[in-house]
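Q: My questions will all concern the structure given below.
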Amino acid sequence: MFRPRPFTAAALTLATVLAGAALTALPAQATEADPFPALPSRVSGPPVTSPAAATDQFIVGLKNRSGIASEAASTSQAAQHAAGALGIGAQYLRPTATGAQVVKTSKRLPDADADAFLAALRSSPDVAYAEPDVVLHTSAAPNDPGYPYQWPLWDDPAGIRAPAAWDLNRGEGSVVAVVDTGITSHTELNGNVLPGYDMMSNPDWARDGDGRDANPRDEGDWTGAGECDAETPATNSSWHGTHVAGIIAAIGNNSEGITGVAPAAKILPLRAIGSCGGYTSDVSDSIVWAAGGTVAGVPANSNRANVINLSLGATAACSVTQQNAIDFAHNAGTAVVVAGGNANGPAAETSPANCQNVISVAAAGRNGARASYSNYGAGIDITAPGGDVDADNSSGILSTANFGTTVPADEAYGYLQGTSVAAPHVAGIAALLMSKMGNTFTPDMVEARLKATARTLPVACPEGCGAGLVDANAALGGYVPPAVSPFADVSTGQQFYKEMAWLAGQGISAGWVDGNGIRTYRPLQPISRDAMAAFLYRLAGSPEYTAPDVSPFADVSTNQQFYKEMAWLAQRGISTGWVDGTGIRTYHPLDSINRDAMAAFLYRFAGSPEYTAPAVSPFADVSTGQQFYKEMAWLADRWISTGWTDANGVRSYRPLQPINRDAMAAFLYRLSFLPD
Ligand SMILES: [Ca+2]
Ligand SMILES: [Ca+2]
Ligand SMILES: [Ca+2]
Ligand SMILES: [Ca+2]
């Protein structure tokens with residue numbers, strides 16, 4: 001398998017293995033109109049919303065409203081008639097602000113029953129339309145349309161558990177150097193890319209006509225048959241560096257493309273690999289420069305990297321040059337993450353995976369087993385998703401790419417597999433850790449932390465997969481909810497279970513206990529303003545506070561439940577209620593809270609942080625002139641509530657929708673862990 005050859009030629013071969021052979025779904029047959037060429041046709045479908053749960057409420061619009069004596073009575077009659085056919089009950093609730101009527105059935109109706117109920121309602125001569133009053137949930141999952149295909153971020157059993165980690169950190173302030181083929185312009189990257197450097201000394205492989213220069217653009221690494229080595233076939237450009245960079249820090253939650261593992265981190269692109277591979281000397285100089293060191297003839301780097309990703313290698317011993325460069329970075333506080341190699345052999349035979357002071361990464365497929373191509377053994381520190389496109393393309397790793405077959409063309413997305421794309425998952429998590437822990441957190445601490453919190457592969461890896469599968473949430477110390485739910489009416493598999501359990505564990509909400517000692521949370525009830533006051537007061541740590549002897553609110557008595565908490569909220573200026581024309585102040589303690597007002601409460605609770613809302617609203621249903629626009633935009637900006645994105649990519653916030661208790665738990669959880 002290994003033929004002795006000059007190191008440069010070996011570098012070429014393995015760089016080709018790591019960079020080229022893995023590429024599958026890229027541009028040849030793709031067209032601009034189809035940005036995810038290998039994806040199923042429902043790529044633009046709703047990405048983050050969970051399926052609507054069965055509902056027990058329906059909304060009815062009446063015909064000829066002015067001719068109806070009592071809209072409530074007519075609606076009630078139609079609803080009871082429709083419900084009777086199903087053997088259930090129904091009652092009239094209230095009109096909506098839009099002139100429709102809300103009815104409630106005696107139980108939640110599964111889809112088929114709901115359809116039958118609606119059909120019966122619609123057959124009533126008074127009814128113009130009838131529709132389910134769908135139970136909505138918010139989700140902080142990013143709204144990027146490619147996210148549902150980014151299984152390495154969220155899937156069990158092999159995913160890195162990124163969504164829970166993002167409640168704690170998204171890589172703010174971290175810099176990740178990508179030493180690779182360079183980078184291409186991409187909407188999903190440009191805003192996160194710092195000025196890097198083209199460290200390639202060999203103009204023949206660089207294709208930009210010169211040696212080292214300040215422009216690390218990937219000019220393409222295509223080759224003609226036999227161009228680099230008599231035996232190698234012709235290949236298209238790989239856009240390998242662009243792909244790796246997207247895995248680490250593609251812009252997240254912008255209703256476009258994909259999201260990176262550390263979407264708030266910055267990429268420092270170093271170009272060191274070209275058409276026929278890259279020299280160790282160029283790679284090593286790139287490492288030193290990225291870590292803040294001096295490289296003769298190259299201007300200083302003003303953005304020292306916290307992490308360096310090396311998705312490259314050769315079948316070789318670790319060279320002195322390589323080790324020295326890595327040691328420099330290590331001593332400078334920069335963690336070096338490397339691909340373990342794709343030879344289905346011992347990683348100890350691949351460099352730089354076999355160097356000291358690196359975090360070397362094996363690849364797992366979507367089932368969590370070591371990928372068939374991945375290296376293994378004592379040279380591996382940890383395992384991350386690398387994909388398996390033999391199963392199908394979508395089992396590979398989706399990231400940013402380019403349509404060019406030779407030189408760069410339009411931006412694209414594509415799937416790759418390999419330890420090359422496993423390593424950047426670890427680099428991204430290292431960036432989250434460095435951001436969260438601060439600059440006293442050393443590369444050794446990063447490596448130890450990632451290993452200590454890794455989990456066992458679901459399929460045994462007797463050859464050696466290091467400490468196991470990397471786990472972003474565990475590495476960041478994310479909350480892990482109890483295996484048994486504290487509430488009888490909340491299941492452990494339910495949306496926002498973690499957040500509701502956390503609320504209970506923190507003593508913020510203990511729910512209700514009935515005469516038999518059964519504890520419930522009532523997750524789908526709207527939260528009332530008095531309970532919200534109690535939640536926020538407790539979230540603030542139940543500060544020392546004596547409520548005034550005279551209530552600040554005409555509709556809240558001093559001996560009422562949560563009086564103290566409501567008075568505290570008023571005193572803190574978080575909610576001061578309403579003042580009528582005669583100066584009387586009221587709080588409306590039993591009213592529910594709409595999403596727009598909640599945004600204002602949470603923003604003020606967070607101390608009204610400095611924030612300028614965008615000139616264009618992120619939400620189609622919220623105008624920039626609307627009350628609480630700034631607060632809603634802030635909530636979205638901080639991923640506390642990101643709203644919904646529909647099939648056409650239209651993003652909405654639903655400002656007048658009331659907040660239920662489960663969603664409130666999620667908001668408070670995220671607010672509590674909010675990264676700076
Ligand atoms: Ca150049
Ligand atoms: Ca260049
Ligand atoms: Ca995105
Ligand atoms: Ca190591």
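Nothing in this text is a laboratory measurement; each read-out follows from the coordinates by a stated rule. Small disclaimer: the values here were computed from a predicted structure and weren't measured. Methodologically, a virtual Cβ is constructed for each residue, glycine included, from the backbone with ideal geometry; neighbour enumeration extends over all protein chains shown.
Q: Calculate the tail of P(r) for the stretch 282-389: the fraction of all Cα-Cα distances greater than 20 Å, expressed in %.
A: Pairs farther apart than 20 Å: 40 percent.
Q: Taking 28 Å as the cut-off for C-alpha to C-alpha distance, list the pairs among Lys107/Lys564; Lys63/Lys630; Lys107/Lys630; Lys266/Lys630; Lys104/Lys564; Lys266/Lys451 that go past it.
A: Lys107/Lys564; Lys63/Lys630; Lys107/Lys630; Lys104/Lys564
Q: Ala250: net charge of surrounding residues, Cβ under 9 Å, Lys/Arg +1, Asp/Glu -1, itself excluded?
A: Around Ala250, the charge tally is -2.
Q: Using the alpha carbons of the stretch 616-668, what is the convex hull volume per residue in cubic angstrom, as a whole number?
A: 89
Q: A further question on this structure: First measure r as the distance between the Cβ atoms of Ala547 and Asn324, then evaluate 1/(1 + (r/R0)^6) with R0 = 51 Å and state the FRET efficiency to the nearest 0.05.
A: Rounded to the nearest 0.05, the efficiency is 0.15.
Q: Check which residues have an amide H placed less than 5 Å from Thr350's amide H, if you skip close sequence neighbours.
A: Ala316
Q: Report, in debye and to the nearest 20, how large the dipole of the stretch 68-123 comes out about its Cα centre when Lys and Arg carry +1 and Asp and Glu carry -1 on their Cβ.
A: 160
Q: Tilt of helix 443-452 relative to the longest C-alpha principal axis of the chain, in degrees (0 to 90, nearest 10)?
A: 60
Q: Same structure, new question: For a distance above 15 Å, tell me the whole-number percent of Cα pairs in the stretch 55-132 that qualify.
A: Roughly 45 percent, once rounded to a whole number.
Q: In whole Å and largest first, what semi-axes does the C-alpha gyration tensor of the stretch 380-502 yield when each eigenvalue is scaled by 5 and square-rooted?
A: Working through the eigenvalues yields semi-axes of 31, 21, 18 Å.
Q: Estimate the FRET efficiency between Ala409 and Glu231 by the formula 1/(1 + (r/R0)^6), using the beta-carbon distance for r and 22 Å for R0, to the nearest 0.05.
A: It comes to 0.15.
Q: Note down the net charge around Val295, summing +1 for each Lys or Arg and -1 for each Asp or Glu among other residues with Cβ under 9 Å from its Cβ.
A: Summing Lys/Arg as +1 and Asp/Glu as -1 gives 0.
Q: Using only the alpha carbons of the stretch 175-271, determine the length spanned along each of the three principal axes and report them from longest to shortest in whole angstroms.
A: That works out to 46, 26, 17 Å along the principal axes.
Q: So, one more: For Ala317 and Asp392, compute 0.36 nm times the residue count separating them, minus their Cα-Cα distance, and round to one decimal in nm.
A: 23.6 nm
Q: Let me ask you something else. Output the antiparallel fraction of DSSP beta bridges having both residues in the chain, as a percent to the nearest 5.
A: 60
Q: Give me, ordered by chain and number, the residues 5 or more places off Tyr413 or on other chains with an amide H under 5 Å from its own placed amide H.
A: Ala401
Q: Hey, another quick one. Note down the net charge around Ser360, summing +1 for each Lys or Arg and -1 for each Asp or Glu among other residues with Cβ under 15 Å from its Cβ.
A: Counting the neighbours of Ser360, the net charge comes to -3.
Q: Check the cysteines of the chain one by one and keep only those with no other cysteine Cβ under 4.7 Å from their own.
A: none
Q: Next up: Step by step: find N for the stretch 470-517, compute 2.2 N^0.38 Å, then divide the Cα radius of gyration by it. What's the final number?
A: Taking N as the residue count of the stretch 470-517, the ratio is 1.31.
Q: Looking only at GluC sites (Glu not before Pro) in DSSP loops with at most 12 other Cβ atoms within 10 Å, what is the longest site-free stretch of the chain?
A: 232-543
Q: Within 10 Å of each candidate Cβ there may be at most 15 other Cβ atoms; applying that plus a DSSP loop requirement, which chymotrypsin sites (Phe, Trp or Tyr not before Pro) in the stretch 575-676 survive?
A: Tyr611
Q: Still on this model: When every alpha-carbon pair in the chain is counted, what percent end up more than 51 Å apart?
A: Value for the chain (Cα pairs over 51 Å): 21 percent.
Q: On to the next question. Counting other beta carbons within 10 Å of each residue's own, what order do Leu86, Leu469, Leu416, Leu656 fall into, fewest first?
A: Leu656, Leu86, Leu469, Leu416
Q: Of Ser485, Ser557, Ser185, how do they rank once you tally other Cβ atoms within 10 Å and put the fewest first?
A: So the ranking, lowest neighbour count to highest, is Ser557, Ser185, Ser485.
Q: Within 10 Å of each residue's Cβ, count the other Cβ atoms and sort Thr456, Thr184 from fewest upward.
A: Thr456, Thr184
Q: Compute the distance in nm between two label points, each set 7 Å from the Cα along the Cα-to-Cβ direction, one at Ala488 and one at Ala332.
A: A separation of 6.2 nm, rounded to one decimal place.
Q: Taking the Cα centre of the chain as origin, sum charge times position over the Cβ atoms of Lys and Arg (+1) and Asp and Glu (-1), and report the length of that vector in debye to the nearest 20.
A: The calculation lands at about 1760 debye.
Q: What is the set of long-range amide H partners of Leu310 at a cut-off below 5 Å, with H atoms built 1.01 Å from backbone N?
A: Val337, Val338, Ala339
Q: Mind listing the phi-derived Karplus ³J(HN,Hα) values for the stretch 525-535, rounded to whole Hz, using 6.51, -1.76 and 1.60 with θ = phi - 60°, and x for any glycine or proline?
A: Values per residue, Gly and Pro as x: 7, x, 7, 8, 5, 6, 5, 4, 4, 5, 4 Hz.
Q: Follow-up question, since we're still on this one. What is the P(r) of the stretch 497-672, as percent of Cα-Cα pairs per 10 Å bin from 0?
A: For the stretch 497-672, the binned pair fractions read 9, 34, 36, 17, 4, 0 percent.
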